[in-house]
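K.L.:
Pasting a structure here, questions to come.
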Amino acid sequence: MPANSRGTLIRIAAVADIHYGREADALIVPALAQATADVDVLLICGDLTHHGLVEEAIGLGKALSGIHVPILAVLGNHDFHSDQQTEIKRALKESPIRVLDGEAMVVRGVGFAGVKGFASGFGRRMLEPWGEPVVKMFVRDAVEESLKLGSALAQLSTDPRVVLLHYSPIAETVEGEPLELYPFLGSSHLEEPLNRFGVAAVFHGHAHHGRPEGHTGTGVPVYNVSLPLLRRTRPDDPPVRIIELSVEGVPQAKP
């Protein structure tokens, strides 16, 4: 890694919503191999598979075996669709992909923490655990994902820290989606541990028609790296978002 006045740099490439298993999206793999030739780590922020099938996950793992940098990932809602998420995580242990689900990992001196996250909405419009049991269960899942993220961040003594999510922690990066979908695209519960631990950068997917970037209430940069969004907003660039992160934790987004 090069060094300059900002200190030692790590180059992070991130993408989400690969949906491997659909023929069209399987074509992403060669492009990913080329795009990660000069980065230090690849992050995949959920929806690795299209139907949530173990064979899709195994196929993706084999397809990415030619990428020679650490690959960190979280699962997304599509990866849960066939109720094979446990088997998917088990199968990916035999692949180059390291799935984070409340775990943390250090790469080149930078700490990475990841959870899937969940829905419930944002700010004052966030769903509250009140009324029917199913509503309380829905909100409880969102809170538990937030607690899991906080626990993962607490495991890290490194500075900076980087977070992988599938669901968004802020409303800003889902803007562009139909308003009716906002409560299902993320949760403000996920924002609290990001601010508390002062993370350097956050990556998520899920909002295919959202905005490429935003900030938490304390200024933490949040990047929406959904593949459909990257293709629409950066059609001439590789299908990843790349940032350079210094050991002081200042992200330098690639233009």
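K.L.:
Measure off 7 Å from each Cα along the Cα-to-Cβ vector at residue 215 and residue 159, then give the distance between these two points in nanometres to one decimal.
P.N.:
Simple spin-label model gives 2.0 nm for this pair.
K.L.:
From the Cα trace of the chain, what convex hull volume per residue do you get, rounded to a whole Å³? Please list the in-between numbers first.
P.N.:
Values: hull volume 30.4 nm³, N = 255.
Per-residue hull volume (Cα only) is 119 Å³.
K.L.:
What number of lysine-lysine pairs in the chain show an alpha-carbon separation below 27 angstrom, given a sequence spacing of 8 or more or placement on distinct chains?
P.N.:
11
K.L.:
Another question, if that's okay. Take the alpha carbon gyration tensor of the range 34-73, find the square roots of its eigenvalues, order them as a ≥ b ≥ c, and report rounded if a/c is under 1.5; if not, report prolate when a/b exceeds b/c, else oblate.
P.N.:
On the way: a/c = 2.85, a/b = 1.84, b/c = 1.55.
In terms of gyration-tensor shape, prolate.
K.L.:
Now, a different point. Between residue 83 and residue 180, what's the calculated FRET efficiency when r is the beta-carbon distance and R0 is 30 Å? Round to 0.05.
P.N.:
Working: r = 26 Å, r/R0 = 0.87.
Once the sixth-power term is evaluated, E becomes 0.70.
K.L.:
Follow-up question, since we're still on this one. Would you work out if the range 88-149 is rounded, prolate or oblate? Take a ≥ b ≥ c from the square roots of the eigenvalues of the alpha-carbon gyration tensor; rounded if a/c is under 1.5, else prolate when a/b is larger than b/c, oblate otherwise. Walk me through the numbers before you get to the answer.
P.N.:
Details: a/c = 3.87, a/b = 2.04, b/c = 1.90.
Prolate.
K.L.:
Further, regarding this structure: Taking a ≥ b ≥ c as the square roots of the Cα gyration tensor eigenvalues, with a/c under 1.5 meaning rounded and otherwise prolate when a/b beats b/c, else oblate, which class fits the range 129-216? Write down the numbers at each step before the final one.
P.N.:
Values: a/c = 2.68, a/b = 1.19, b/c = 2.24.
It is oblate, given that a/c is not under 1.5 and a/b is not larger than b/c.
K.L.:
Let me ask you something else. What is the chain's relative contact order, in percent, from Cα pairs under 8 angstrom and six or more apart in sequence?
P.N.:
Relative CO of the chain lands at 21 percent.
K.L.:
Take the alpha-carbon positions of the range 119-168, form their convex hull, and give its projected area averaged over all directions (one quarter of the hull surface) in nm².
P.N.:
Values: hull surface 16.8 nm².
If I average the Cα hull's projected area over directions, I get 4.2 nm².
K.L.:
Counting other Cβ atoms within 10 Å, which chymotrypsin sites (Phe, Trp or Tyr not before Pro) in the range 50-136 have at most 10 and lie in a DSSP loop?
P.N.:
Values: sites: 80, 112, 118, 122, 130; in loops: 118, 122, 130.
Listed in order of number, the matching sites are 130.
K.L.:
Count neighbours as other Cβ atoms within 10 Å of each site's Cβ, and list the GluC sites (Glu not before Pro) in the range 61-134 that are DSSP loop with at most 14 such neighbours. Please report the intermediate quantities before stating the final value.
P.N.:
Working: sites: 87, 94, 103; in loops: 94.
Those that pass, being in a loop and sparsely packed, are 94.
Bear in mind that the values in this text are calculations on the coordinates, not laboratory data. Values in this document were obtained by computation on a predicted structure and should not be read as measured data. No Cβ is skipped: glycine too gets one built from the backbone with ideal geometry, and neighbour counts run over all protein chains shown.
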